[in-house]
Amino acid sequence: MTLNEQISNDLKTAMKSGEKVRLDTLRLLRAHMIELSKRGEGKEITPEEELSVLMAALKKRKEAIEVYEKAGRSELAQQEQTELEIISAYLPKQLSSDEAGEIIQRIVSETGASSAKDFGKVMPLAMKELKGKIDGKVVQEIVKAKLGA
């Protein structure tokens, strides 16, 4: 079952159970998936594209939480946090910083990177392997630390 199908099934379940926040969040994700599929290329959505939709939605929620907390709007921040948790449930298992560090160290060894100048070699490979499994900012920090930047 694809992620798109899973979201559609969960959307039906949320409609039946009356979970408003879950329903609204899943409708939004479903709309992004439909928009992606109707981009005119006539081909199926790949799992990577589905993942990118989730990651974009997740990033928006995190940014909104920060803004609402700075503005003292805790009720809105809490709603965004709930939506973030719903979206996170569809992502692959998240890695810890230590696990990501091991993968990045392997990539650094494989590429022969040794200094901050090699950041451009390591970062794309790290993001390709870790996309959806850990936040991109964390990956960037780990890569910089491994390369001594």
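Tabulated results
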quantity	calculated
Set of lysines near Lys12 by C-alpha distance (under 18 Å), chain-local residues within fewer than 8 positions excluded	Lys20
Whichever aspartates and glutamates have a C-alpha closer than 14 Å to that of Lys131, once near sequence neighbours (fewer than 8 apart) are set aside	Glu48, Glu49, Glu50, Glu99
Label selected from (1) 2, 9, 16, 15, 15, 15, 13, 9, 5, 2, 1, 0; (2) 2, 9, 18, 19, 18, 14, 9, 6, 3, 1, 1, 0, 0; (3) 2, 10, 20, 25, 22, 14, 6, 1, 0, the criterion being P(r) over Cα pairs in 5 Å bins from 0, in percent as computed here	(1)
Distance (nanometres) between label positions extended 7 Å along Cα→Cβ at Gln140 and Gln105	2.4 nm
Calculated FRET value between Leu36 and Met1, using beta carbons and R₀ = 22 Å, to 0.05	0.80
Between helix 3-17 and the chain: long-axis angle, C-alpha atoms, 0 to 90°, nearest 10	40 degrees
The chain - mean residue ellipticity at 222 nm from DSSP helices (-39,500 (n - 2.57) per run, n ≥ 4, rounded to 500)	-24500 deg cm²/dmol
Helix 119-130 axis, angle to the chain major axis (alpha carbon atoms, nearest 10°)	40 degrees
Rounded tilt (10° steps) of 47-70 against the dominant C-alpha axis of the chain	80 degrees
Anisotropy class of the stretch 97-147 from Cα gyration tensor, a/c 1.5 cut	prolate
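Quick note: the coordinates plus some simple rules give every number you see, no bench work behind them. All of these numbers come straight from a predicted model, not from anything done at the bench. Cβ atoms come from the backbone with ideal geometry, glycine included; neighbour counts cover every protein chain shown.
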